[in-house]
Amino acid sequence: MKVTVVASTRISEDRWDDQGSAFPVQTSPEFDVLGDDPSRPVTDADELAEFAGRACYKSWSKPNPATAANSDYMRHILRQGHFSVLEHASVTFYVEGVSRALLLELERHRFLSFSVESQRYVDTEKHHPEPVLPPAIAAGSSAAGLVRDAYAFALNDYRILVQHLGGQGLKRKEAREAARAVLPNATPVDFLVTGNLRAWRDVLGKRWHEAADAEIRELAGLILGHLRALAPGAVQDVPRTPFAY
Ligand SMILES: Cc1cc2nc3c(=O)[nH]c(=O)nc-3n(C[C@H](O)[C@H](O)[C@H](O)COP(=O)(O)OP(=O)(O)OC[C@H]3O[C@@H](n4cnc5c(N)ncnc54)[C@H](O)[C@@H]3O)c2cc1C
């Protein structure tokens, strides 16, 4: 599984021209607790959320010292449930080498946007010769052998079907769309997915959770790691280990 940040919201250089100064360097002790670098400047995603919150009250001068630092302001926002300010910044990930089973679960989160590799246009046999092993199945184990054998069997049938249907005059796209009927849940898929910070927090609440499927929990952990770098203030209340009941 590979999760790459492809894009994230950046703030315009002249963001504070009307208001005076940029935000100060992050100094909240909470970031020590979370293992973040306290000297790291406030990220654009967190800054944008604070900008959005301050725009509501025109509190540009940061009159309350308790929320003058960005992490403190963000903590206040999270406690208040003023979540709409988290909708302005978004992060796009390119996710590679996860199973179709995982994609089905992730797509249930209706505020995420997807661009998914097409099984009609892309030759599965060529691009995904190996299955995705569930985290519970160790590579090299006999269980992994079973999954690999089943996948190889399915790919073989897939190839036969594509050839057979192509021989009957179907276009390649049409042959693949029919032949994919034999591909299993373990078939890999690559996709681009975008969510705003509020949407990602919602995903983390459900999938960075001990009740979640192990593979999607692994994905959630990788996404959380990226968000800790891109928007530490917005995920400061998310635990380092998965949520528990
Ligand atoms: C451990 C686990 C097991 C699951 N098992 C199953 C299963 O067996 N079968 C199955 O089908 N699904 C299952 N799901 C998927 C689950 O039911 C949700 O579809 C998925 O978690 C996305 O959640 P959501 O709908 O809250 O998210 P989103 O679609 O991202 O919505 C986010 C939030 O927006 C609000 N919202 C969105 N749409 C509406 C609406 N139409 N009306 C009112 N409020 C709305 C809600 O507050 C919602 O929580 C499982 C999920 C988890 C985490």
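The values are calculated or read from the model by the stated rules, or taken from the named source; none is laboratory data. Remember, it's a predicted structure, so these values are computed and weren't measured experimentally. All Cβ positions, glycine included, derive from the backbone under ideal geometry; neighbour counts span all protein chains shown. These accessible areas exclude ligands, DNA and RNA; they are computed on the full protein's heavy atoms, side chains included. Shrake-Rupley method; radii C 1.70, N 1.55, O 1.52, S 1.80 Å.
The residue that is nearest to Val238 (Cα to Cα), among those in region 82-113 that are assigned to a helix (DSSP H, G or I) and open to solvent by 40 Å² or more (accessible area, probe 1.4 Å), is Phe83.
The set of residues from region 157-189 being in a helix (DSSP H, G or I) and open to solvent by 60 Å² or more (accessible area, probe 1.4 Å) comprises Arg159, Ile160, Gln163, His164, Gly167, Arg172, Lys173, Glu174, Glu177, Arg180, Ala181. Residues in region 60-81 that are outside any helix (DSSP H, G or I) and more than 16 Å from the ligand (Cβ to nearest atom) were compared, and the one that is nearest to the chain's Cα centre (by Cα) is Ala69. Of all residues in region 205-229, those being at pLDDT 95 or above, of a type in the set (A, V, I, L, M) and out of contact with any Phe, Trp or Tyr (no Cβ under 8 Å at 6 or more places or on another chain) number 5. Starting from residues that are open to solvent by 60 Å² or more (accessible area, probe 1.4 Å) and either within 18 Å of His226 (Cα to Cα) or in a helix (DSSP H, G or I) (or both), keep the ones in region 114-129 and report whichever is nearest to the ligand (Cβ to nearest atom). If we take residues in region 114-129 being open to solvent by 60 Å² or more (accessible area, probe 1.4 Å) and either within 18 Å of His226 (Cα to Cα) or in a helix (DSSP H, G or I) (or both), then His127 is nearest to the ligand (Cβ to nearest atom).
Among the residues of region 47-62, those identified as among the hydroxyl-bearing types (Ser, Thr, Tyr) and either closer than 14 Å to Val85 by Cα or open to solvent by 60 Å² or more (accessible area, probe 1.4 Å) (or both) are Tyr57, Ser61.
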